[in-house]
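As structure tokens, the structure follows; a few thoughts come after it.
What follows draws every value from the coordinates through simple rules; no lab data is involved. If you're wondering where the values come from, they're calculated on a predicted model, not measured in any experiment. Methodologically, a virtual Cβ is constructed for each residue, glycine included, from the backbone with ideal geometry; neighbour enumeration extends over all protein chains shown.
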Amino acid sequence: MESRTGDVTGVLPYSRVSAPPGDPVAQETSEILAVPAGDLQALAEPCHQTTAILVHAILDRVRAFNSSDLHDEKLVSLGSLSAGLAHELINPAAAIERSASLLDEKLASFRAASLALVSCRLSNEQLAVIDRVRATCAVSADFTIRAPIEQAEREETVEDWLADQRIDTGIVEALADTPVTMSSPDALAASIDGAALSAVLRSLSAGCGAHILAEEIKDAATGIIIAVKGFPRGISGAELTRRASMQAQRLGAESLAPLAVERVAIEGGYKRVTLSDGREIVTRALLASTGMAYREHPAEGIAAHTGAGLYYGAATTEASAISGRRVFVGGGGNSAGQGALYLARRAREVQIVIRREKLHGTMSQ
């Protein structure tokens, strides 16, 4: 934990810790006022300002620890989500890439076979038989990859059939990969023979193969759309953050916390970031997420009572302390309205103090 000028640390009265948090190391020449725990307790009891300062320091420490834990939890959740999402995207994306590459080969084979088929001058009856056989490829939406033994047996059957018809067996694998049954080639052979039959079978195997690959690309694209659009069963913010953090780490990202950025410079198109521990990071891109800080009210007495009855924000740690009491909320924005509604569950009375006549201009319905 990095301390600044005026900070109070160590074993404080009213705190549950029994040892100082961490081992303090001075980064530069410093002046430190050390007070024994017993004397600090004696000093705090008669002086309400000292009590307020100590309580404020304890609350700041609690908030810092809670914020650090929440930060880590969010990062872990974001990483885990991203890892799962990446898995859902990589598999269908790889399937699309593979099928698209094979589709180019099938289309090239189909074009060559079609040119050869045109020169055969087939009759209308023969073309009708070819169309009926091609229609069987429409069932490829339900076509599943055969087991290795089943596929080997099918290739042997197709090879024997091609050999009986005296057709080049170079198309065995392509024809065996189609969903058509052997009755379809038999129907073709009954009305077409010779070079025409070979051209028809080549065109049929290439066309069916292209149709199957197109269906695979469609299914893979649908998987990507489902993965990107959302989560049907819902997901919490913590889980989302945890998964994204894990994915970022898997891709090589490094999380440095708690560290502050001391200096940013641009040299030769690169951004040079100097951290509070002296290390430097050189990068092409730099995203600044600076967070927020409360604008403290300048009214007299507010600084002395901050953390001891006066708070910036309505955190759960303060809600239990105002049970049955009267509370004032300063400000008329949405945050003030949300805080007032939350505190009204515990407080006896909650009043919003603003400078305007109405809340409509600054607070939503």
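Structure above, values below:
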{"item": "Potential lengthening between ALA308 and ASP164 on full extension [0.36 nm per residue; Cα-Cα distance subtracted]", "result": "42.1 nm"}
{"item": "Ranked CYS208, CYS120, criterion: other C-beta atoms within 10 Å, fewest first", "result": "CYS120, CYS208"}
{"item": "Environment charge of GLY332, counting only residues whose C-beta is closer than 13 Å and scoring Lys/Arg +1, Asp/Glu -1", "result": "+2"}
{"item": "R0 of 45 Å, Cβ-Cβ distance SER183-ALA253: FRET efficiency to nearest 0.05", "result": "0.20"}
{"item": "Relative contact order for region 237-276, counting Cα pairs under 8 Å that sit 6 or more residues apart, in percent", "result": "28"}
{"item": "Distance in nm between pseudo-label sites at ALA135 and THR9 (7 Å out along the Cβ direction from Cα)", "result": "8.2"}
{"item": "Cβ-based exposure ranking for ILE149, ILE130, in which fewest neighbours within 10 Å come first", "result": "ILE149, ILE130"}
{"item": "Under Karplus coefficients 6.51, -1.76 and 1.60, residue-wise ³J(HN,Hα) of region 92-108 in Hz, glycine/proline x", "result": "x, 5, 5, 5, 5, 4, 5, 5, 5, 5, 5, 5, 4, 5, 5, 5, 5"}
{"item": "Linear extension gain, ASP39 paired with ARG98, 0.36 nm per residue minus alpha-carbon span", "result": "13.7 nm"}
{"item": "Distant-in-sequence amide H partners of VAL327 (H built 1.01 Å from N, under 5 Å)", "result": "GLU349, VAL350, GLN351"}
{"item": "In sequence order, calculated HN-Hα J values of region 285-300 (Karplus, 6.51, -1.76, 1.60; Hz; x Gly/Pro)", "result": "10, 9, 10, 9, 10, 7, x, 8, 9, 5, 7, 6, 6, x, 4, 5"}
{"item": "Distance in nm between pseudo-label sites at ARG325 and ARG356 (7 Å out along the Cβ direction from Cα)", "result": "2.9"}
{"item": "Overall form of region 248-305 per C-alpha gyration tensor (a/c, 1.5; a/b vs b/c)", "result": "prolate"}
{"item": "Local electrostatic count, ILE149, Cβ distance below 14 Å [Lys/Arg +1, Asp/Glu -1]", "result": "-2"}
{"item": "Bridge type composition, region 242-365 - antiparallel percent by DSSP, nearest 5", "result": "60"}
{"item": "HN-Hα J in Hz across region 128-135 - Karplus 6.51, -1.76, 1.60, θ = phi - 60°, x for Gly and Pro", "result": "5, 5, 4, 5, 5, 5, 5, 5"}
